[in-house]
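Working notes, structure below.
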Amino acid sequence: MTADAGLSFELTAEQRSLRALAHDFAEQEIRPRAAEYDENQTHPTEVIERAHALGLMNLHVPRACAGPGLGLLEGALIGEELYWGCAGIGTALTCNGLGAGPLIAAGTAEQQRQWLSPLLERPILCAFGLTEPDAGSDVARLKATAVRKGDEYVLNGSKTFITGAGHAEWTVVFAKTDPDGGHRGISAFVVPMQSHGVTIERHLEKMGQRATETSAFSLNEVVVPAANRLGREGDGFKISMQTIDGTRPGTASGAVGVARAAFEHACDYSKQRVTFDQPIAMHQGVNFLIADMATKIEAARLLTHQAAWMLDHGWGRKATLYSSMAKRFAADTAMEVTTDAVQIFGGYGYMKEYPVEKLMRDAKLFQIYEGTSQIQRLVIAREVLLPRE
């Protein structure tokens, strides 16, 4: 089938090469460290440095900033492989996509050069500061404030569950410039994490994805130039939604990678483990599980690639439905597949010395961050029942 003939599932030579590069890196650099880093909750500094040197980070930084300017589909291909290696390390390697997203979506050329170009020069991290102790999915409940004083803003408030904040050089912080404006009163600011008044309050200990650092931090009379504001006052909610629409396919691809890893371990074990004089893979109770795992993983991957492709081809907010579908389905698939993998391993699957125990813990987070599976269902229902014109 030629490119002009319409629908095609064939990857380009460049896409296949990027996927192979990411897979080799995951196999050689990530998997050998995954269990140790998970156990000790180790920030993967060395892995980040090596991934940065290979060009496996900051994939979507625009070419105008000397970045690779890759599409979300390429990001999904790479992300699946990195998360196949380890979800925690994979998150540490891809979190700049979320942190840089608001600048890619709404930054001026000068802001992009100032904040995005250094990401390419050094293996530094950035973060996305939206969630607060009382405001997660309900963004309008944000309590952080930003008050303008001349050519500066003074920020106060608290953020929590912020991926990479403790190692980030800067964070895009969302705060209320109009406390009574609901979601229309939110603005976005680039805040250097070494600014006076920024305090990392604690590093959070997680159930899974423990090789990526997640923190709570506070802002106490933090002064930033007005030039650090992205877009206009009140654009923050729109910027955050644009960013998350674009990152959900990446999150979905990570879920697919974790599910695929669990599936492969389950297949290998089911062919080796013998009960009643035959491998358990020959028992219908097991091979039906394997069949369902394979089907759901393939469906999740295709939905993820469709959402990424649509965003790459300019569908914008019209792709919201598919972005949420991909994230919801892939996240739930990862949880189902890893749970079934533990079941196939039986008692051994429940032991930390076997890999599927970690994969099951890692999978759970996909159903929670960047919008819970329940929130995705709300978005999907809204888009289906009240479609945009």
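The values are calculated or read from the model by the stated rules, or taken from the named source; none is laboratory data. What you are looking at is a predicted structure, and each value in this text was computed from that prediction instead of being measured. Glycine also receives a Cβ, built like all others from the backbone with ideal geometry; neighbour counts cover every protein chain displayed. Quick note on the areas: whole protein, heavy atoms, side chains included, nothing else; ligands and nucleic acids left out. Shrake-Rupley method; radii C 1.70, N 1.55, O 1.52, S 1.80 Å.
Each residue in the range 39-64 was checked for being open to solvent by less than 10 Å² (accessible area, probe 1.4 Å) and over 14 Å from residue 21 (Cα atoms), and 4 of them qualify. For the range 135-211, the strands (runs of 3 or more DSSP E) that sit wholly inside it and include 1 or more residues that are over 22 Å from residue 88 (Cα atoms), open to solvent by 30 Å² or more (accessible area, probe 1.4 Å) and small (Gly, Ala, Ser) are 152-163. Within the range 227-253, the set of residues being among the hydrophobic types (A, V, I, L, M, F, W, C), open to solvent by 20 Å² or more (accessible area, probe 1.4 Å) and either more than 30 Å from residue 302 (Cα to Cα) or modelled with pLDDT of 95 or more (or both) comprises 227, 237.
Of all residues in the range 371-381, those that are assigned to a loop (DSSP other than H, G, I, E, B) and closer than 14 Å to residue 323 by Cβ total 1.
Let's see how each residue does on (1) more than 19 Å from the chain's Cα centre (by Cα); (2) more than 30 Å from residue 313 (Cα to Cα); (3) surrounded by 11 or more Cβ atoms within 10 Å (Cβ to Cβ):
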site: 6; (1), (2), (3): yes, no, no
site: 12; (1), (2), (3): yes, no, yes
site: 18; (1), (2), (3): no, no, yes
site: 27; (1), (2), (3): yes, yes, yes
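Of all residues in the range 359-386, none that is open to solvent by 80 Å² or more (accessible area, probe 1.4 Å) has its Cβ atom under 7 Å from the Cβ atom of a residue that is at pLDDT below 95 and of a type in the set (Phe, Trp, Tyr), 6 or more apart or on another chain.
For the residues 384, 337, 342, the requirement of being in a helix (DSSP H, G or I), farther than 25 Å from residue 81 by Cα and either β-branched (Val, Ile, Thr) or touching a helix residue (DSSP H, G or I) at 6+ places or on another chain (Cβ under 6 Å) (or both) singles out 384. For the range 214-222, check the following and say yes or no: at least one residue is over 28 Å from residue 122 (Cα atoms) and not in a loop (DSSP other than H, G, I, E, B). Checked the range 214-222: at least one residue is over 28 Å from residue 122 (Cα atoms) and not in a loop (DSSP other than H, G, I, E, B). Selection of first residues in the range 182-204 that are of a type in the set (S, T, N, Q) and of second residues that are in a strand (DSSP E or B) and surrounded by fewer than 20 Cβ atoms within 10 Å (Cβ to Cβ), restricted to Cβ pairs under 6 Å at least 6 apart or on distinct chains, gives the following pairs, ordered by first then second residue: 199/218. Filtered by the rule that a residue be among the small types (Gly, Ala, Ser), under 15 Å from residue 19 (Cβ atoms) and surrounded by 22 or more Cβ atoms within 10 Å (Cβ to Cβ), the range 65-103 gives 75, 76, 79, 85, 90. For the range 307-319, state whether one or more residues are at pLDDT below 95, aliphatic (A, V, I, L, M) and either surrounded by 24 or more Cβ atoms within 10 Å (Cβ to Cβ) or under 23 Å from residue 11 (Cα atoms) (or both). Yes: the range 307-319 contains one or more residues that are at pLDDT below 95, aliphatic (A, V, I, L, M) and either surrounded by 24 or more Cβ atoms within 10 Å (Cβ to Cβ) or under 23 Å from residue 11 (Cα atoms) (or both).
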